[in-house]
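Each value in this text was obtained by applying a stated rule to the coordinates, not by laboratory testing. The structure displayed is predicted, hence computed values, not measured ones. Heads up, the Cβs are rebuilt from the backbone with ideal geometry, glycines too, and the neighbour counts pull from every protein chain shown.
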Amino acid sequence: MDYKTQGVCSRAIHFDVEDNRLKNVIFEGGCAGNTQGVARLIEGMDIDDAISRLEGIHCGPRPTSCPDQLAKALKQYKANQ
């Protein structure tokens with residue numbers, strides 16, 4: 001799935017889901033070290049677990065973050081299934 005982010009430095013998030021598990025998570029733009037770290041940490045994680053861990057994380061004064069945007073993307077993915 002391709003998800004266009006809002007309110008963060010990254011422009012988009014790309015990922016695949018296989019057997020309800022995350023694969024091939026790639027953030028386009030953003031803080032490279034942080035987004036690569038998040039992507040590696042959640043690789044293979046159940047999407048419901050990922051949502052519960054990432055949802056609601058803020059980046060400084062922003063009401064969202066790249067991890068929170070990924071949670072939103074996963075919720076959208078689930079809604080479309």
### Message
Please give me the summed charge of the neighbours of F15: other residues whose Cβ is under 12 Å from its Cβ, Lys and Arg +1, Asp and Glu -1.
### Response
-3
### Residues whose placed amide H lies under 5 Å from that of A12, excluding near-sequence neighbours
T5, E28
### Task
Divide by every residue of the chain the summed helix terms, -39500 (n - 2.57) for each DSSP H run of at least 4, and state the resulting mean residue ellipticity at 222 nm, rounded to the nearest 500 deg cm²/dmol.
-12500 deg cm²/dmol
### Helix 32-42 vs. the chain, principal-axis angle (Cα, 0 to 90°, nearest 10)
30
### Task
Taking percent of Cα pairs over 17 Å apart as the quantity of interest, determine which of (1) 44; (2) 37; (3) 68 was computed from the displayed structure.
(2)
### Query
Using 0.36 nm per residue, how much length does the chain from D19 to N80 gain when fully extended, once their Cα-Cα distance is taken away?
20.4 nm
### Task
Quick one: which residues, 5 or more positions from T64 or on another chain, have an amide H under 5 Å from its amide H? H modelled 1.01 Å from N in the peptide plane, none for Pro or chain starts.
C59
